[in-house]
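J.: Right, I'll just put the structure down here and ask away after.
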Amino acid sequence: MAFNAVFAWFIGKRMSRVNFYRDNPIAAQRSVYEYLQYQLQQSFFYKDLQAVKGDQISSLSSIPLQDYGTLKPYIERAMSGEENILWPGETKWFAQSSGTTTNRKKLIPVTLQSLEENHYANGKDLLAQYYANLPNRKLFNAKHLIVGGSGEIQKEDSGVFIGDLSAIIINHLPWWTEMRRTPAKEIALQGNWEVKLDQMAKAVVEENVCIIAGMPSWTSLLLKKILETSGKKTIAEVWPNLELYIHGGMNFGPYRKTFDELIGKKINFVESYNSSEGYFGMQDRLDASDLLLMTQSDVYFEFIPMTHFNGVNSTNVLSLEEISLNTDYALVISTSAGIWRYIIGDTIRFTSEKPYRFIVTGRTTQYLNAFGEKVLIYQVEKTIEKVNASIPFHITDYTIAPYFSENSSVGGHEWFIEFETLPNNIKEFEEAIDRQLKIENVDYEAKRFENLNIGKPKFHYLPKGTFHHWLKNHQRLGGQHKIPRLTEGRELVEQLLTLER
């Protein structure tokens, strides 16, 4: 009890900080900008740009837009042990990130400054907000289960360390957090996800867990394994004090019913928006799903309207005070990890300005526009969620690709779905999906009219375990890895069909 009282007092003091950047986001961003600009000017990256472009490079906002390809030479220099490359001093930690749209692995610099002032700071802010929303919580009386990535920390000859971001975070946790975290480090950092899943279930089944944090897809697998290990019917029987699940990395809507049934009692679900590149947003209201932009955590945000998006050659780049509501933007970040004007690949849409709240709408490289329909990930996820409200089913995973008719110019969307529980009436399900997507996307509706441009969607139902096998074959089990939801080509789905045979 004493520990919890101290923790509640400590975490509660952070609400003055949260309230400041919620109420004064522009002032918070200006302060971050000035700090980052000063640090930038100490780096070889900045000096190299000045040497090439001279007076054109005078501030953070005058730096050309970057993607992983343009920053990679500097990241490699930092990995070799050189100092002051992207951030003052030596950068010794690099998060291994593999995007949903490419097999290419990225190595994202993680400085101790970014760990402390971004990842940890925003994690504490989320808990502070939770305590503010629901006073008298007792989260520090029980254990916190972190469903992190699968991968050991690898030490290079240059002295730098490479690993999944969650592994890096676990390695640097303060003692007062580590004492409540479960499972033990040797299990949390297990490199083989399938071995880790079994070890985690056995290690935590007898613990008193009150918080779970992790991606829905991998967390649901762990919860099923825990039920199998324990012989219980619901997680509530295993952990009666469980009250909070912190999720992120993918839309929770399609997984909500699965979690409700697995857990077996009402708990609170809170979303966070974080990645290897940084921690950017949190759900600050329990009754609304949009996220508060966290503007005082060593991240300076910029935004490219998707109507003007042209990668690093984009010219219409807006600051926070220039954004409009209900417009899709490619997110650009500058951070204390030494990532400068970096196009992260996510798209967001603001839902309010006072305060700045938003939803994540998809990826700059992941959408369906084979027929001019401009279907975004969030529209598909909303479609599944709304259909699921009236038709019971549980989807394990899915992806959508275009198909093209050989006999005419008409093509359409082909859904590849793996069900945990099938709908009772497949035809009803398919018609409902098509009908709801027309509601969510007016371009799709217009082009579906009388099948003139887009024909009826096709549905392909994959055997259980197909997506798991694909991830395993591509070394993507665990962590932040996930199935691409929308693909413009058919490479992925043809690989899935090969696995099915």
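J.: Give the cross-link partners of Lys265 among the aspartates and glutamates, using a straight C-alpha distance below 13 Å as the criterion and excluding same-chain residues fewer than 8 apart.
T.: Within reach: Glu237, Glu243.
J.: Additional query: Select from the range 13-72 those trypsin sites (Lys or Arg not before Pro) which occupy a DSSP coil region and have at most 11 other Cβ atoms within 10 Å, ordered by residue number.
T.: Loop-located and lightly packed - Lys13.
J.: Continuing with this model, one more query. What FRET efficiency do you get for Glu178 and Asn451 if R0 is 51 Å and r is their Cβ-Cβ distance, rounded to the nearest 0.05?
T.: 0.30
J.: Mind giving me the FRET efficiency for Lys185 and Val410? R0 is 60 Å, r the Cβ-Cβ distance, nearest 0.05 is fine.
T.: 0.60
J.: Quote to one decimal, in nm, the extra length available between Asp67 and Glu322 on full extension: 0.36 nm per residue of separation minus the C-alpha distance between them.
T.: Fully extending the segment from Asp67 to Glu322 adds 89.5 nm.
J.: Treat each spin label as a single point 7 Å out from the Cα along the C-beta direction, and report the Asp260 to Ser80 distance in nm.
T.: Rounded to a tenth, the inter-label distance reads 5.6 nm.
J.: Considering Cα pairs under 8 angstrom that are at least six residues apart, work out the relative contact order of the chain and quote it in whole percent.
T.: Dividing the mean separation by the residue count of the chain yields 14 percent.
J.: Using 0.36 nm per residue of separation minus the Cα-Cα distance, give me the extension gain between Lys155 and Asp55 in nm, one decimal.
T.: Gain on extension, Lys155 to Asp55, equals 32.0 nm.
J.: Continuing with the same structure: Would you mind ranking Tyr38, Tyr120, Tyr444, Tyr398 by Cβ crowding within 10 Å, fewest neighbours first?
T.: The fewest-first ordering by Cβ neighbours comes to Tyr38, Tyr120, Tyr398, Tyr444.
J.: State log₁₀ I(q)/I(0) for the range 176-284 at q = 0.19, 0.22 Å⁻¹ as given by the Debye formula over alpha-carbon point scatterers of equal weight, solvent excluded.
T.: So the normalised log intensities are -1.09, -1.42.
J.: Let me ask something else. For the chain, what is the percent of antiparallel DSSP beta bridges, rounded to the nearest 5?
T.: So the antiparallel bridges amount to about 65 percent of the total.
J.: Something else: Only helical DSSP H runs with n ≥ 4 go in: add -39500 (n - 2.57) per run for the chain, normalise by residue count and round the 222 nm mean residue ellipticity to 500 deg cm²/dmol.
T.: Roughly -10500 deg cm²/dmol at 222 nm, from the helical runs in the chain.
J.: What is the list of residues in the range 450-468 whose amide nitrogen lies under 11 Å from a point 7 angstrom out from the Cα of Lys224, following Cα to Cβ?
T.: Counting only backbone N, you get 464-468.
J.: Can you put Leu486, Leu497 in order of Cβ neighbours within 10 angstrom, beginning with the fewest?
T.: Ordered by Cβ neighbours within 10 Å, fewest first: Leu497, Leu486.
J.: In which sequence would Met215, Met79 go, from the one with the fewest C-beta neighbours within 10 Å to the one with the most?
T.: Taking fewest neighbouring Cβ atoms as first place, the list is Met79, Met215.
J.: Next question. Can you say what percent of the DSSP beta bridges in the range 377-500, counting only those with both residues inside, are antiparallel? Round to 5.
T.: Counting only bridges with both partners in the range 377-500, antiparallel ones make up about 60 percent.
J.: Given a Förster distance of 25 Å, report the FRET efficiency between Glu34 and His308 from their Cβ-Cβ distance, rounded to the nearest 0.05.
T.: Once the sixth-power term is evaluated, E becomes 0.35.
J.: Let me ask another. Percent relative contact order of the range 146-294, based on C-alpha pairs within less than 8 angstrom and at least six residues apart?
T.: After rounding, I find 17 percent.
J.: Also, I was wondering about something else. Which entry is the computed Rg/Rh (Cα atoms, Kirkwood Rh) for this structure: [x] 1.38; [y] 0.96; [z] 1.20?
T.: Correct label, based on the coordinates given: [y].
J.: Between Asn241 and Asn425, what is the label-point separation in nm under the 7 Å Cα-to-beta-carbon projection?
T.: Between Asn425 and Asn241, the label points sit 4.7 nm apart.
J.: Restricting to DSSP loop positions (anything but H, G, I, E, B) with no more than 10 other Cβ atoms inside 10 Å of their own Cβ, which chymotrypsin sites (Phe, Trp or Tyr not before Pro) remain in the range 329-364?
T.: When the chymotrypsin sites (Phe, Trp or Tyr not before Pro) of the range 329-364 are filtered for loop state and at most 10 Cβ neighbours within 10 Å, nothing remains.
J.: Take every Cα pair under 8 Å in the range 377-500 that's 6+ residues apart, average their separations, divide by the length, and report that relative contact order as a whole percent.
T.: Relative CO of the range 377-500 lands at 32 percent.
J.: In a shell of Cβ-Cβ distance under 10 Å around Lys92, excluding Lys92 itself, what net charge do Lys and Arg (+1) and Asp and Glu (-1) give?
T.: -1
J.: Under the classification rounded if a/c is under 1.5, otherwise prolate if a/b is larger than b/c and oblate if not, where does the range 354-404 fall, given a ≥ b ≥ c as square roots of the Cα gyration tensor eigenvalues?
T.: oblate
J.: Sticking with this structure for a sec: His460: net charge of surrounding residues, Cβ under 9 Å, Lys/Arg +1, Asp/Glu -1, itself excluded?
T.: -1
Every number in this text was worked out from the coordinates using simple rules, so none of it is lab data. The structure displayed is predicted, hence computed values, not measured ones. Because the Cβ atoms are built from the backbone with ideal geometry, glycine has one as well, and the counts that use them run over all protein chains shown.
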